[in-house]
Amino acid sequence: MPAGTELRGAAGPITVSSEPFMVMAKPAGPQCNLDCTYCYYLEKEKLFPGSSRYRMSEETLRAYIASFVASSPGPIVHFGWHGGEPTMAGLDFYRKVVAFQEELLPAGWTALNNLQTNGTLLDDRWGSFLARHRFSVGLSIDGPAFTHDASRLDKAGHPTHERAMRGLRVLRSHGIDPDVLCTLNSVTAAHPEEVYDFFLAESVRWLQFLPVVKRDDDGSLSPLSVSPHAMAAFLNHVFDRWVRNDVGRIGVQNFLESLLVFSGRPANLCVMAETCGRVLAMEHDGSVYSCDHFVLPSHRLGTLPQDGLAAMVDSPRQLSFGLSKKESLTAYCRACPYLFACNGGCPKDRSAISPDGEAGHNQLCEGYRSFFEHIDPYLRRMVSIMRSGGKITSIMDELAGGEGGGVPVVGRNDPCPCGSGKKYKNCHLRSRS
């Protein structure tokens with residue numbers, strides 16, 4: 001369907017969105033069977049006072065699927081199921097999901113579903129269903145037991161690592177190899193070797209490290225928040241091992257997304273993109289918000305089925321929200337040579353003061369800058385390899401021959417490898433901004 005096409009939906013006319021977008025739907029609301037100490041979403045229960053059962057109704061589910069299908073250009077429609085813990089909605093809920101998708105998708109269209117879960121409630125019934133209906137799965141595991149169980153406990157205070165690993169085994173037994181999300185908090189960031197070795201030993205194929213920045217009720221940073229230095233030290237250490245041994249063996253999203261933007265292409269991740277606002281959050285009651293990190297009354301865009309998703313995501317209010325990511329950058333950020341890669345990070349983390357004394361700076365800025373400086377020469381070499389028709393895995397062979405083996409490992413103050421005689425930071429590093 002072309003943009004601007006008006007359709008008749010369950011709630012009246014629906015218009016296809018001007019650009020693709022995603023929705024993080026929360027069928028069980030903010031409810032979760034775990035009590036992770038760094039979780040930012042459990043507190044959203046305050047938005048629904050008096051609620052004892054957070055479940056998306058059949059009416060809301062059908063209206064959501066109808067609106068999202070009608071708002072999408074097709075022929076593939078991506079549905080994301082998040083939480084809280086989305087498996088708490090129960091298998092019958094997802095049977096209705098599949099049934100409504102089959103009913104509402106136009107002929108020749110396909111629905112792809114992704115479930116982001118802590119894995120602790122998965123069993124063979126879940127595994128069989130997810131495999132039969134080709135769900136992709138994201139699984140949250142914070143490394144080995146001693147780092148995972150430091151913060152990922154259940155409501156009774158019991159460790160959950162073994163249950164999460166059981167969930168991983170269930171998925172694999174049914175042919176599903178999940179993507180793994182590991183948070184970078186003050187505990188995990190202190191153990192890069194142990195965390196990375198754990199995922200390699202478990203033959204994880206796709207891995208994402210997600211920095212934790214959480215504030216307590218008094219506005220101070222939670223002790224579990226990762227510091228900029230610790231984040232950079234962790235990522236730099238893991239990158240050094242990955243680029244020498246594991247390119248092609250394990251996909252680390254932080255590194256591959258960086259390679260994407262270093263090659264001149266736009267980022268897939270909203271945190272690295274120039275603007276945002278194309279990933280909405282929808283609660284169990286059909287209320288829609290600007291972003292998963294901004295589920296607040298001030299960022300409520302509307303409610304299904306009264307309001308259409310395309311109208312909400314393309315509303316002047318939401319477009320302004322997305323543009324503010326770029327327009328609210330500090331002067332220090334705008335002058336950074338790695339602005340092209342970082343773009344100021346997620347707006348939710350812009351609570352620091354810049355070195356110039358300007359408010360609204362990213363809490364992790366120093367860490368991001370250290371990380372990009374560290375990986376810059378390697379990624380430039382990988383881009384060069386790709387553009388010459390080679391495979392990026394060949395960088396491992398080059399590095400095996402010594403740090404000078406074809407890979408220009410250049411510091412900011414070293415002479416630029418182009419031969420200009422200028423320092424790298426004043427030559428080709430600057431040109432990247």
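The values are calculated or read from the model by the stated rules, or taken from the named source; none is laboratory data. Computed from a prediction, not measured in an experiment: that's the story for all the values here. Positions of Cβ are backbone-derived with ideal geometry, glycine not excepted, and every protein chain shown enters the neighbour counts. The accessibility values were calculated without ligands, DNA or RNA, using every heavy atom of the protein model including side chains. Shrake-Rupley method; radii C 1.70, N 1.55, O 1.52, S 1.80 Å.
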Too long for a 21 Å Cα-Cα cut-off, among K26/K46; K46/K325; K44/K214; K155/K348; K326/K348, are K46/K325; K155/K348
Note: T110 to D35 extended length (0.36 nm per residue) minus current alpha-carbon separation gives 23.5 nm
With Rh as the Kirkwood radius over Cα pairs, the range 115-155 has Rg/Rh of 1.06
The Rg/Rh figure for the range 50-183, Cα atoms and Kirkwood Rh, to two decimals is 1.00
Projected convex hull area of the range 134-249, Cα atoms, direction-averaged, in nm², equals 8.4 nm²
L121 and R172 label points (each 7 Å along its Cα→Cβ direction) are spaced in nm at 2.4 nm
Cα gyration tensor of the range 191-305 diagonalised, 5x eigenvalues square-rooted, in angstrom largest first, produces semi-axes 31, 19, 14
HN-Hα couplings for the range 355-369 via Karplus (6.51, -1.76, 1.60; θ = phi - 60°), in whole Hz with x for Gly/Pro, come out as x, 8, x, 9, 6, x, 8, 6, 4, 9, 3, 4, x, 4, 5
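So if we plug the beta-carbon distance of M396 and R53 into 1/(1 + (r/R0)^6) with R0 = 45 Å, what FRET efficiency do we get, rounded to 0.05?
0.30
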Taking a ≥ b ≥ c as the square roots of the Cα gyration tensor eigenvalues, with a/c under 1.5 meaning rounded and otherwise prolate when a/b beats b/c or oblate if not, the range 243-346 comes out oblate
With +1 at each Lys and Arg Cβ and -1 at each Asp and Glu Cβ, the charge dipole magnitude of the chain around its Cα centre, to the nearest 20 debye, comes out at 900 debye
Restricted to the chain, the DSSP antiparallel beta bridge percent, nearest 5, is 35 percent
One computes Rg over Rh for the range 261-409 from alpha-carbon atoms, with the Kirkwood Rh, and obtains 1.10
Sparse-neighbourhood loop hits (trypsin sites (Lys or Arg not before Pro), the range 126-195; DSSP loop; Cβ within 10 Å at most 16 others) -> R134, K155
Ordered by number, the trypsin sites (Lys or Arg not before Pro) in the range 300-394 that occupy a DSSP loop and have at most 14 other Cβ atoms within 10 Å are K391
Per the helix-only model, the chain has a calculated mean residue ellipticity at 222 nm (DSSP H runs of ≥4, -39500 (n - 2.57) each, divided over all residues, rounded to the nearest 500) of -10000 deg cm²/dmol
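Placing +1 at every Lys and Arg Cβ and -1 at every Asp and Glu Cβ, with all other atoms neutral, what dipole size does the range 302-393 have around its Cα centre, in debye to the nearest 20?
420 debye
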Cα convex hull volume per residue for the chain, in Å³, equals 159 Å³
Subtracting the Cα-Cα distance of A145 and A331 from 0.36 nm times their residue separation yields 62.7 nm
In the chain the accessible area split gives carbon plus sulfur, as whole percent at 1.4 Å, a share of 52 percent
Length gained, D154-E358, 0.36 nm per residue minus C-alpha separation, equals 69.4 nm
Of the candidates L105, F135, L34, the farthest towards the positive dipole end of the range 33-142 (Lys/Arg Cβ +1, Asp/Glu Cβ -1, centred on the Cα centre) is L105
Taking a crude spin-label model, label points 7 Å out from Cα along the C-beta direction, the T275 to L42 distance in nm is 3.7 nm
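With charges set only on the Cβ (+1 for Lys and Arg, -1 for Asp and Glu), what does the dipole of the range 154-212 come to about its Cα centre, in debye to the nearest 20?
Values: 6 positive and 8 negative charges, 61 e Å.
The calculation lands at about 300 debye.
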Row for the range 139-204, column shape: gyration tensor on C-alpha, a ≥ b ≥ c, rounded if a/c < 1.5 i.e. under 1.5, prolate if a/b over b/c, else oblate; value oblate
With label points set 7 Å from each Cα along the Cα-to-Cβ direction at E19 and S384, the distance between them in nm comes to 3.3 nm
Checked the range 216-283 with the C-alpha gyration tensor, a ≥ b ≥ c its square-rooted eigenvalues, rounded below a/c of 1.5, otherwise prolate if a/b is larger than b/c and oblate if not; verdict oblate
Expressed per residue, the solvent accessible area of the range 271-370 in Å² (1.4 Å probe) is about 40 Å²
